[in-house]
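In what follows, a structure is listed as structure tokens, so that the remarks can point back to it.
What follows draws every value from the coordinates through simple rules; no lab data is involved. This is a predicted model, so every value here is computed, not measured. Every residue, glycine as well, gets a Cβ built from its backbone with ideal geometry; the counts of neighbours run over all protein chains shown.
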């Protein structure tokens, strides 16, 4: 069998540890553990004053505990006569190897810290990010869980969320409806606007502030005239009101004999006359 090379341990200083050093190191370790316990108790009592997400609380707590344990290891090692610089260099090499192995996870954690500190959204908000739309179920350090409208739970890596545009639909208490309805060129403009306003007046969810409801011509299209409806409502009323207006405006058009045309092309065949 090949002999074991103990030169690395001798360079660090482990080979010269004495019995009395072990006893002193044990006492120092006990003191360090007591100090760590006191620091963590103080942290737990005061972390609630910081206005940050609870997920970030546990992450900061874990980092603090790891840092305190690392410092304790260095103090105990110094008591044993171990060379701290060599030990730190050893830890640095190991840390670099680990970071390279889990760099994807570290990128997600960095994204999670950014999301939790900047707070572009909170649990319960309806957002659209990284090509997914839904209600935020949980914000973790690595993934953010989003529940879609059809009750699917999608876990998005935080690195993707932090690197893309985020649309928060529930950040404000009010939203503005922007809906477009099409009517025929033959339909009277005033009749069309009155039909849409009649439907709006029957909706209790419509707000008069910050702007009153508005209906007007948006553009003249190839096969129809596009009318835009703009009205404010509370955020929680947006989707029920949106779908209800889609139906009731159509009924109002039918009652008044107005037409909602679809895009079509008229083809005229010209018959050539013989000379």
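Residue 251 to residue 239: extension gain in nm, 0.36 nm per residue of separation minus the Cα-Cα distance? Can you show the working numbers first?
Working: separation 12, 0.36 × 12 = 4.32 nm, distance 1.89 nm.
Residue separation times 0.36 nm, minus the Cα-Cα distance, leaves 2.4 nm.
Using the count of nearby Cβ atoms within 10 Å as a rough guide to exposure, how do 38, 29, 229 rank from fewest to most? Could you put the intermediate results ahead of the total?
Values: 38 10, 29 15, 229 21.
By the 10 Å Cβ count, ascending: 38, 29, 229.
Throw me the Rg/Rh for segment 119-168, computed over C-alpha atoms with Kirkwood Rh, two decimals. Show your work: numbers first, answer last.
Working: Rg = 9.4 Å, Rh = 10.4 Å.
Rg/Rh for segment 119-168 comes to 0.90.
Between residue 179 and residue 106, how high is the FRET efficiency from 1/(1 + (r/R0)^6) when r is the Cβ-Cβ distance and R₀ = 41 Å? Nearest 0.05. Mind dumping the intermediate values first?
Numbers: r = 45 Å, r/R0 = 1.10.
The computed FRET efficiency comes out at 0.35.
Could you tell me what fraction of 2.2 N^0.38 Å the Cα radius of gyration of segment 174-255 comes to, as a two-decimal ratio? Walk me through the intermediate numbers first.
Details: Rg = 12.5 Å, N = 82, 2.2 N^0.38 = 11.7 Å.
My calculation over the Cα atoms of segment 174-255 gives 1.06.
Between residue 186 and residue 151, take the C-beta separation as r, use R0 = 41 Å, and let me know the FRET efficiency to the nearest 0.05.
Working: r = 45 Å, r/R0 = 1.09.
My answer for the efficiency is 0.35.
Starting from the Cα of residue 46, step 7 Å along the direction of its Cβ; do the same at residue 128; then give the gap between the two resulting points in nm.
That separation, rounded to one decimal, is 4.4 nm.
Given R₀ = 35 Å, FRET efficiency for residue 29-residue 60 by Cβ-Cβ distance, to 0.05?
Values: r = 25 Å, r/R0 = 0.70.
The value I calculate is 0.90.
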